[in-house]
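Asks: The structure that follows is given in the form of structure tokens.
The values are calculated or read from the model by the stated rules, or taken from the named source; none is laboratory data. Note that the structure is predicted; figures quoted are calculated from it, not measured. Here the Cβ positions follow ideal geometry from the backbone for every residue, glycine too, while neighbour counts run over all protein chains shown. The protein model used for the area step is the full one, side chains on, heavy atoms only, and it has no ligands, DNA or RNA in it. Shrake-Rupley method; radii C 1.70, N 1.55, O 1.52, S 1.80 Å.
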Amino acid sequence: MEITGKRIIITGGARGMGRQFAVDMQKIGAKPYVLDVLQENIDELEKEMGISGKVVDVTDESQVVSFFKEYTDKNGPPDVLINNAGITADGLFVRKKGEEMKKLSMSAWQKVIDVNLTGVFLCGREAAAQMVDHEVKGVIINISSISRAGNFGQTNYSASKAGVAAMTVSWAKELARNNIRVGAIAPGYINTEMVAKIDSSVIDKITAQIPVGRLGEMSEISQAVRFIIECDFFNGRVMEVDGGHRI
Ligand code: CAA
């Protein structure tokens, strides 16, 4: 797909990696539009880069359904969706400290599943419905993770990101008949706020396992986004961009 002039919706697009995608897509002539949870971050992006957005909770079905309808009525259907919004709530599955048995909480489980899995499902479904309805040759990109293989301290996140990878394949199989491609990216450890939250002693252990010897940069994941949009033969696969890291 030629990127110039295309309408690209990016969830979690006002901060971090999503913001990088929005800015990079705009630089190469696309029309990005972001969804995020904090109005102040959207305002800042609008002020600094002239990229608009809206506060939408991706876990809320009625908000997501209304947004995609309103967006399409106003601007036309999306050409590309980047399902990027994601959170972590890391913790060990069970750990005994002295006499106390600590367990990964139900709330840590549920909130990660709600945003990372249900949010991707809802936004993917509504974007696809608009694309199919308007016969758009669209592209959906889901952001999975290296953690989908099952990562230390990430039971909830790993389960969600494995689900995202599986949904990618299901949608690609179903939507090919509508000329819609679906792909995923599985970033490794990238220089983001999410990774900055990890204790430095732990991050040193992790970095030691990355063959290229460093964390990735957000711009390097953006390059993968661009490739998936532009390459019309990329479909139903998860592209790993992780410096050769295996977890
Ligand atoms: N590899 C090897 N060892 C690890 C490890 C890892 N990935 N993560 C933790 N450990 C080790 C710790 O160094 C520690 O070792 P010692 O007992 O020898 O000191 C041990 O496991 C227990 O860890 P903590 O003492 O930190 O235990 P805690 O209960 O305080 O915290 C934790 C547990 C929240 C899981 C914390 O260890 C942690 O944050 N780990 C990193 C988890 C992680 O990799 N998250 C990725 C976030 S970025 C992201 O998710 C984006 C993406 O797509 C990759």
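Asks: Of the conditions (1) open to solvent by 20 Å² or more (accessible area, probe 1.4 Å); (2) touching a residue at least 40 places away in the same chain (Cβ under 8 Å), Ile143 fails just one. Which one is it?
Replies: (1)
Asks: While we're on this one: For segment 34-83, give me the residue count where each residue is touching an Asp or Glu at 6+ places or on another chain (Cβ under 8 Å), surrounded by fewer than 16 Cβ atoms within 10 Å (Cβ to Cβ) and part of a loop (DSSP other than H, G, I, E, B).
Replies: 1
Asks: Ok, one more. Which condition number in (1) away from the ligand (no atom under 16 Å from the Cβ); (2) hydroxyl-bearing (Ser, Thr, Tyr); (3) over 26 Å from Pro78 (Cβ atoms) is the one that Thr118 fails?
Replies: Result: Thr118 passes all but (3).
Asks: Restricting the search to segment 126-177, which residues are touching a helix residue (DSSP H, G or I) at 6+ places or on another chain (Cβ under 7 Å) and of a type in the set (Lys, Arg)?
Replies: Once the filter is applied, which keeps residues that are touching a helix residue (DSSP H, G or I) at 6+ places or on another chain (Cβ under 7 Å) and of a type in the set (Lys, Arg), segment 126-177 yields Arg148, Lys161.
Asks: In segment 89-126, which residues are open to solvent by 30 Å² or more (accessible area, probe 1.4 Å) and in a loop (DSSP other than H, G, I, E, B)?
Replies: Asp90, Leu92, Phe93, Gly98, Glu99, Leu104, Ser105
Asks: Next question. Against the definition (touching a residue at least 24 places away in the same chain (Cβ under 8 Å), of a type in the set (D, E, K, R), open to solvent by 80 Å² or more (accessible area, probe 1.4 Å) and out of contact with any helix residue (DSSP H, G or I) (no Cβ under 8 Å at 6 or more places or on another chain)), how does Lys205 come out, yes or no?
Replies: So Lys205 does not fit the description; no.
Asks: Considering only segment 10-21, I want to know if a residue exists there that is modelled with pLDDT of 95 or more, open to solvent by less than 70 Å² (accessible area, probe 1.4 Å), aromatic (Phe, Trp, Tyr) and closer than 22 Å to Val241 by Cα.
Replies: Among the residues of segment 10-21, at least one is modelled with pLDDT of 95 or more, open to solvent by less than 70 Å² (accessible area, probe 1.4 Å), aromatic (Phe, Trp, Tyr) and closer than 22 Å to Val241 by Cα, which makes the answer yes.
Asks: Quick one: which helices (runs of 4 or more DSSP H) sit completely within segment 137-244 and have at least 2 residues that are modelled with pLDDT of 95 or more?
Replies: Here the list reads 155-175, 200-208, 218-230.
Asks: Let me ask something else. Determine whether segment 94-105 contains at least one residue that is within 12 Å of the ligand (Cβ to nearest atom) and either under 22 Å from Ala184 (Cα atoms) or among the aromatic types (Phe, Trp, Tyr) (or both).
Replies: The answer is no, given that none of the residues of segment 94-105 is within 12 Å of the ligand (Cβ to nearest atom) and either under 22 Å from Ala184 (Cα atoms) or among the aromatic types (Phe, Trp, Tyr) (or both).
Asks: Follow-up. Give the residues of segment 1-36 that are of a type in the set (A, V, I, L, M, F, W, C), within 20 Å of Ala184 (Cβ to Cβ) and in contact (Cβ under 8 Å) with a residue 40 or more places away in the chain, sorted by residue number.
Replies: Met1, Ile3, Ile8, Ile9, Ile10, Met17, Phe21, Met25, Ala30, Leu35
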